[in-house]
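Reviewing the structure listed below.
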Amino acid sequence: MAAIGKIRSWGPALVAVIGLALFAFIAEELFRSCEATKNQQRQQVGQVLGEKISVQDFQALVDEYQEVIKITQGRDNLSEDELNRVKDQVWNQFVQSKLVEDEAEKLGLTVTDEEMRNMLREGTNPMLMQTPFYNQQTRRFDVSALTKFLNDYKTAEEQQNPQLLEQYQTVYKYWKFIEKSLRQQTLAQKYQNLLTSCLISNPVSAKASFDDQNVESNILLASLAYSSINDNDVKVDDADLKAKYNEKKEQYKQEVETRDIKYVAFQVLPSAADRAALNKTMTEAQQQLQNGAAPADVVRKAQSSVAYNGLPVTRQAMPSDIAARVDSMTVGQTSAPFETRSDNTLNVVKLIAKSQQPDSIEFRAIQVGGASIDAARKTADSIMTALKAGAPFDTIATKYGQNGEKQWLTSAQYQNSQVIDAESKNYLNNILNGTVGELKNVELSQGNIILQVTDRKHMVDKYDVAIIKHTIDFSKQTYSDAYNKFSQYVSENKTLEGLEQNAQKFGFTVEERADIANYEHNVANIRGTREAMKWIFDAKAGEVSPLYECGNNDRLLVIALTKVHPVGYRDWESMKDELTQEVMRDKKYEQLAKKLQGVKTIADAQKQGARIDTVRQITFAAPVFVQATGASEPALSGAVASTKAGAVCAHPVKGNGGVYFFQVQNRQERQGVKFDDKQQEQMLRQQAQQAAGRFFQELYRKAEVTDNRYLFF
């Protein structure tokens, strides 16, 4: 009992301990839940209308689009800039599709399977013309060819033939992309057409539009330029700027967050010692070529970016700087090392031979094999004997399981190859040097090839040329020295103030960039700055970044975040320069307009110091350019159109470059044009369609789009 009583006396303490334990348990679970949510968010590329897209799904779309480009353009790889454009295109297409699908669902718009079948049967959609099922003869999409392919693909799947499936898979994926894109495109067109039909034209608006474009006025113009008043004589205070800001506030609303930075970017360049070392290597290579060393060995040893294959090539196969030189060189000549700034290289070139050769050669061949190499040689000798005796080439080819068809070899097919093995070179040389009708028995390590050239066309200049092209690079020591210097600068200056105060001391320059958005692919047009972009959108104003190594492994970068501009209205101080110009123009207008108070004629305006000019052919549809003030003035065009011929304007006109007073001298319709109501209405309908195309901007604003691509791409 005493023990129980003692335990009871601990009651309040036990409750507190148990409460703390429960709280710790709940807090731990809450923390885990928050971490899980954050981890999930970190894997999201973006969100549209509440629908999230993961990095894996987005990458799959990018890969799909890449494959389409590779198929349609015959490409193997895309450059970094091209890949960035692909990512932008994929993102824009994803957002657009989601916006249209959402609106279409509300309106009941769909693209039915029957509509898709009808489009395929018609075969006129431009997208279908890019598929393998386009018939060159009919110049239409061949739906029967598609049907056959899909059936063959299904059969290959059922037979589980991996080799056959692999051949079909690429085309099948490409077709599914086209089919998906066609459906999305058709739905978007339906929605846009629905909007366009709400913006109709009529004969009255057509005539007004025609007159706006073709009724011309000639005026006598008095102008007082704002530049006639010195900016220092105009007082602008914060109250003026705030008032102007409130007047134009809607113009300063931004849909995405942007950030301002200051940064120091240093590019590592080759030192004088680096250049001297490379020049020594190139001079040695030049001397070796002059002394008759094997070109392939010299080119390889000098680490040239252009390989030597020993075959005659056209000028198109050479770098442009080399092609510009070879015609002025004599056979056997070797150039001194020369620099090409456009590609930052040092070069040596030797013209070994120059000849006139066909750009295209037609030939046919029979491949000869056997149980052993001796058997192949013996069979090849027998074939040569039969052919020389008059046996038809195609008949002999058929006997050995081949068709012996003629085929063309062009210079472009071989001359850009970086590496050509000895046997391929032997084979090509026999084709290139063969005379029409001559039979050749070419011996290779795996057998023989019976070869006959049947035609040679398009004689061109070809060159046997050894090219040594080497990028002028910095050495490891040069980079190390630059890195140490930049690292010292960054480590000694942890604040923006320090970076700015000491930049000149270290030989650096602080630059700035305003309004960086997270959809940009790099910082300050420097490649490889994704990590720096992440830092910018995670940092707080006033922070300084770590040192980044970026570019083509030749740039050093440090960044200071100076300001964050969140979604919404920009603060008036960030727009101060623009607002100052606006207010200054208003105040100058007030001063100059006072000079024109009570003015009734152009002569009166001239007495007030106005410049008088005759301005001709002013239309309402196009802003007039005033030479006297150097400004384009849409307000003046509107005022002229509303003033009768012979009359003066009712009041001075406030323009972009000055204050104006004018008299309309005469007005007439432009000569050589005739009003066509049907044509004009069609033009207005096209303009309405373009206007309807801007509906995406409004849909985008309402869709609460989140774009986190910078975290991954």
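Pairs meeting the criteria (first residue in region 174-198 and touching a residue at least 24 places away in the same chain (Cβ under 8 Å) and buried (at least 17 other Cβ atoms within 10 Å of the Cβ), second residue in a helix (DSSP H, G or I) and basic (Lys, Arg), beta carbons under 8 Å, at least 6 apart or on different chains) are Thr196/Arg685.
Just one residue in the set Glu64, Glu114, Glu51, Glu103 is without any contact (Cβ under 8 Å) to a residue 40 or more places away in the chain and open to solvent by 30 Å² or more (accessible area, probe 1.4 Å); that residue is Glu114.
On inspection, Glu520 does not qualify as among the charged types (D, E, K, R) and free of Cβ contacts under 8 Å to residues at least 24 places away in the same chain. Here the condition is being part of a loop (DSSP other than H, G, I, E, B) and either of a type in the set (Val, Ile, Thr) or closer than 30 Å to Lys654 by Cα (or both); of Val236, Val204, Val264, it holds for Val236 alone. Selection of first residues in region 77-93 that are open to solvent by 50 Å² or more (accessible area, probe 1.4 Å) and of second residues that are not in a helix (DSSP H, G or I), restricted to Cβ pairs under 7 Å at least 6 apart or on distinct chains, gives the following pairs, ordered by first then second residue: Glu80/Arg527. Do you know which residues across region 98-125 are under 34 Å from the mean Cα position of the chain (by Cα) and of a type in the set (Lys, Arg)? Within region 98-125, Lys98 is the sole residue that qualifies. A single entry from Glu438, Glu443, Glu492 fulfils the requirement of being open to solvent by 10 Å² or more (accessible area, probe 1.4 Å) and out of contact with any helix residue (DSSP H, G or I) (no Cβ under 8 Å at 6 or more places or on another chain): Glu438. For region 625-680, the set of residues classified as in a strand (DSSP E or B), more than 19 Å from Ile602 (Cβ to Cβ) and open to solvent by less than 80 Å² (accessible area, probe 1.4 Å) consists of Ala631, Ser632, listed by residue number. Selection of first residues in region 697-713 that are within 24 Å of Leu83 (Cα to Cα) and of second residues that are among the small types (Gly, Ala, Ser), restricted to Cβ pairs under 8 Å at least 6 apart or on distinct chains, gives the following pairs, ordered by first then second residue: Val705/Gly46; Thr706/Gly46; Asp707/Gly46; Asn708/Gly46; Arg709/Gly46. Over 27 Å from Asp707 (Cβ atoms), open to solvent by 40 Å² or more (accessible area, probe 1.4 Å), free of Cβ contacts under 8 Å to residues at least 12 places away in the same chain and charged (D, E, K, R): is that true of Arg139 in this structure? When the stated conditions are applied, Arg139 passes them. Only residues that are open to solvent by less than 30 Å² (accessible area, probe 1.4 Å), touching a helix residue (DSSP H, G or I) at 6+ places or on another chain (Cβ under 6 Å) and more than 27 Å from Asn433 (Cα to Cα) were counted across region 286-320, and they come to 1. Looking across region 495-528, the residues that are loosely packed, with under 15 Cβ neighbours inside 10 Å, more than 28 Å from Arg570 (Cα to Cα) and not small (Gly, Ala, Ser) come down to Gln501, Asn502, Gln504, Lys505, Thr509.
Out of the residues in region 248-280 meeting the condition of being under 29 Å from Arg513 (Cβ atoms) and open to solvent by 70 Å² or more (accessible area, probe 1.4 Å), tell me which one is farthest from the chain's Cα centre (by Cα). The extreme case among them is Lys249. Here's a check for you: in region 321-343, which residue that is polar (S, T, N, Q) and over 19 Å from Asp464 (Cβ atoms) is least open to solvent (accessible area, probe 1.4 Å)? Among residues in region 321-343 that are polar (S, T, N, Q) and over 19 Å from Asp464 (Cβ atoms), the one least open to solvent (accessible area, probe 1.4 Å) is Thr340. Of all the residues in region 681-713, those that are open to solvent by 90 Å² or more (accessible area, probe 1.4 Å) and either of a type outside the set (S, T, N, Q) or under 20 Å from Gln254 (Cβ atoms) (or both) number 6. Within region 529-587, the set of residues being of a type in the set (S, T, N, Q), surrounded by fewer than 19 Cβ atoms within 10 Å (Cβ to Cβ) and at pLDDT 95 or above comprises Thr562, Thr580, Gln581.
Does Lys425 qualify as being open to solvent by 40 Å² or more (accessible area, probe 1.4 Å) and under 30 Å from Thr340 (Cβ atoms)? In short, yes. Gln407 meets all of the listed conditions (1) surrounded by fewer than 14 Cβ atoms within 10 Å (Cβ to Cβ); (2) in contact with a Ser or Thr (Cβ under 8 Å, 6 or more places away or on another chain); (3) more than 30 Å from Lys280 (Cβ to Cβ) but one, namely (2).
The values are calculated or read from the model by the stated rules, or taken from the named source; none is laboratory data. If you're wondering where the values come from, they're calculated on a predicted model, not measured in any experiment. Here Cβ is always computed from backbone atoms with ideal geometry, including for glycine, and neighbour counts include all displayed protein chains. For accessibility, only protein heavy atoms count, side chains too; no ligands or nucleic acids. Shrake-Rupley method; radii C 1.70, N 1.55, O 1.52, S 1.80 Å.
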